[in-house]
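Reviewing the structure listed below.
We did not get these values from a lab; they are worked out from the coordinates using the rules stated. The structure displayed is predicted, hence computed values, not measured ones. All Cβ positions, glycine included, derive from the backbone under ideal geometry; neighbour counts span all protein chains shown.
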Amino acid sequence: PPPPGAPCPSPPPPPPPMPPPSPPPPPSPPSPPPSPPAPPCKIVKDVPDWRTCEREDCCTKLGKPGVGLEGSIPPEVSEFTCLTTLSFPDNDLTGVIPASMGELSSLQTINVATNHLVGTIPPELCAIPALADLSLFNNHLTGSLPSALGSCSSLEFVHLMKNSLSGSLPVAVGSLTAVVEFNLQSNSFTGCLPSEIGLMTSMTKLVLKDNAFNCSLPTEVGMLTRLVEVDLCDNDFTGSLPTEVGALTALTALKSCGNSFTGTLPSSLASLSALTELDVSANMHAGPLPVISALPLKRIILDHNSFTGGIPTSYGDLVYARVLKIGSNPLGGSLPVELFSLAGLRSLNVDDAQLTGSVPPEIGDLSNLVSLSLADNKLTGVIPGTIASVTLLRVLCINGNNLDCVLPSEVGSLTRLTELYTHSNMGGVGPTCELPEEIGSLTRLVRWENNHNAHTVIPTEVGDLTALTQLYFHETPFAGCIPTEMGELTQLKAWAQYANALSCSLPSTVGNMGSLKELRIFDNSFSGCLPPQLGELTALKAVQAHDNRFSCAIPTELGEMDALRKLDLSNNAFTGCIPTELGDLDELRFLSLHDNAISCFIPENLGMASNLLDLRLQENVLEGPIPTEIVSKEGLKVLLLDNNWLTGCIPDAFPDPCSLTKFSVHQNLLTGPIPWSLGQCNFPLKSEEENRQCELTVCVQENVTNCFPAPLPAPVGDACRVRLCEGPVSPPSPPPSPPPPSPPPPPPPSPPPSPPPSTPPKPPPSPPPPSPPPPPPP
């Protein structure tokens, strides 16, 4: 180090191998000093945020993974002539891969995965003689795989998955004899695999999943004897699996699911002595299930094919099996007892396999089972009580059979169950076949489907299932009342209790279900008042309570359900007025109150429901005028007001454009002209049948008590067929609700209270009415 106070020496020049160091240059430059030898690479100093060089004289590595870098890769990157590694994965780079990168003759690794790069793969990259790792996955690259790729004789890893590459694979891939991993997953490659793929003999991993390859598999794949993993799933490969696959003795995973492979599986599969995973699901394989019991398989997935001949008893020798899925095959036969000796099995799926017989009691030996599906077979009898030993079970599917009683009381021991599917079992009836009270022990249960069964009583213990989010009890002959304890299901989001035989009133404790989004209780015999506590369910999106016997007035508290999109209370016996608060529901799209005994005026505030598309108020005793705010509502598609006691004119306020496809006001006491603006509504008229439907429901026809004088506005006549009454018609005998506002047709007309703009009673037929005159064309 220099003595204290001494000036700092100038930095030494790069260590030249040849000349001895010269003294520092004098302040005024004399003759230029001898230049040092040219460095082995040029450092680019004008490319910001890219220099992470390990050496100052020659940059060999550039890389900043996952730091949010933006912008494009500059072409000047080619000036880093010493680069061996270019790695910028998990950033926000855009633009194209510059072709100038092909000039980096020392480059071994290109990793720009998980960015937003576009364009094609530059063929110039294939001129890099040392390139060993090409990782461009998870970008937006397009185009085909360049044929020049075959020039990259040093390539070991090709990772191009999750792009939009297309076309067929070039024959030149056969030159990639050093490739170890070749992954093209999730692109749009088509056509056939070239037979030259058999020359890629160093390959251990071949992933072509999720493309559109559509030929048979070449037999040359049998030459890839170092393969450890093959994934061909989700393409459209055809033909049968070649026998040569049996030569891949190093293979541990063979996956060909989601294709159009046909025929039987080759017997040579038995030679794959290292195979631990076999997935040939969702193909069109036929014949018997393969003989694979001698293999160390852990995952056997053969479902969704056309295998027949039953389940081989030898499958009980698959001692390493953890997952066995052989359902959705027309296997037939019964469940072999040997299958239940697989003590290590975690998941067993034999659904939709045309199985008959009963479930053997040996099911209790599957002590490690987590998921069991025997659904959609023809099983009979009962579920053995030994199932109580399968204490790790989380998913149980026994739906779609002919089981008696469906659930034994021992089901209460399965305290880890989260999903239970018992629906569509109609085997047994009678008091011994009700749901056991032990069901209340399943406190972790999240989803339970028990519809289409023969149960008649909802046990109060259902209220103990406090983790439930989905409960489906529909189309089952449940009778009596809803237990008040069900109000404890505060996590419930979807509840289907329709098409039962339930009566009584809906318990007010339903208001405690604060997470509920769907309430479907229609087609029962519920009576009494709708509990106002429903208004506390602010997460509700759909309430379907139609076709019951509810009475009283509709609670105004329903206007507090801010998330409500669908409210259907039709076909009940509701009385009173329509709550004006319903107009405050900005999310409401469908409101149906038809076929009740609702009276009063139609609230103008309904027109303020900003997203309302469908309003059905027909078959009530509503009176007064049709609110202009509803007629003028943009976006409204259905407006049904027929069979009420509405008076006055139809407001001439239909919007332009008008979205109405159905408009019905017949069987009211309306007067005045048909508004011209109604012609702005494009009622659909296509087939003759639809024309008749339009004539019956769309406009103002069959006006037994309405009278709309001619002339018919041309736009309306073009929109739909309308039948007008030919003159004043005596109204029918009034219903028990309030009489029509105009006086009955008795004797001498005493001063009529503010006559409507239509013609007075019984006018002469010839002269047109003095007011209003025919409006001008629009």
Rough spin-label spacing in nm, given labels placed 7 Å along Cα→Cβ, for E536 and D584: 1.8 nm
Qualifying GluC sites (Glu not before Pro) for region 431-475 [loop in DSSP, other Cβ within 10 Å: at most 10]: none
Net lengthening on full extension, T120/C192 (0.36 nm per residue, minus Cα-Cα): 23.8 nm
V319-S527 pseudo-label distance in nm [points 7 Å out on the Cα-to-Cβ vector]: 6.7 nm
Distance between modelled label sites at T84 and C577, nm, 7 Å Cα→Cβ extension: 8.6 nm
Rounded FRET efficiency, nearest 0.05, which uses the C-beta distance separating T443 from T238 and R0 of 45 Å: 0.35
Residues in region 100-129 reached by a label modelled at S147 [backbone nitrogen below 17 Å; 7 Å Cα→Cβ]: 121-127
Potential extension, N611-C552 segment - 0.36 nm per residue separation minus Cα distance: 18.5 nm
Estimated FRET transfer efficiency when R0 is 22 angstrom, pair S508-T460 (beta carbons, to 0.05): 0.85
Pairwise FRET efficiency - T60 versus Q354, Cβ, R0 = 56 Å, nearest 0.05: 0.30
Segments 542-549, 164-171 sorted - mean Cβ within 10 Å per residue, highest first: 542-549, 164-171
Cleavage-rule hits, GluC sites (Glu not before Pro), region 595-659, DSSP coil, Cβ neighbours within 10 Å at most 14: E634
